[in-house]
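The values are calculated or read from the model by the stated rules, or taken from the named source; none is laboratory data. The structure presented is a predicted model; accordingly, all values stated were derived computationally and were not measured. Ideal geometry is used to build each Cβ from the backbone, glycine not excepted, and the neighbour counts take in all protein chains shown.
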Amino acid sequence: MQSELTLGVTLAVLGAGLLHAIWNALLKTARGGEPMLDTASVVAGSAVWSLIALPFAGMPDPAAWKFMAASTLIRSVLTPCTPSCVGRRRCTG
């Protein structure tokens, strides 16, 4: 079985890596002094950009909703841990 990596998939993966790097850079350079508030600000900004992009991207396929719910659950547990990690400057990404 031969599979081909399409340009769209390649750009999506590279874009995700770029967004992850920007996320970490924003948190590590935040001058607010409150890691939890800094994290909440980045999350709120991400939500705004997601809502702006939604009309152009369209709604996800219904089969994807269970994966999105699982991802949301996992991130809701991990995101509160991010400020303590960033505060120690020991995050690896």
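Some points to look at:
- Taken over the range 1-47, the criterion of being outside any helix (DSSP H, G or I), under 22 Å from P80 (Cβ atoms) and small (G, A, S) is satisfied by A30, G32, G33.
- Single residue of L11, L27, L54, L73 found to be modelled with pLDDT under 80 and surrounded by 10 or more Cβ atoms within 10 Å (Cβ to Cβ): L27
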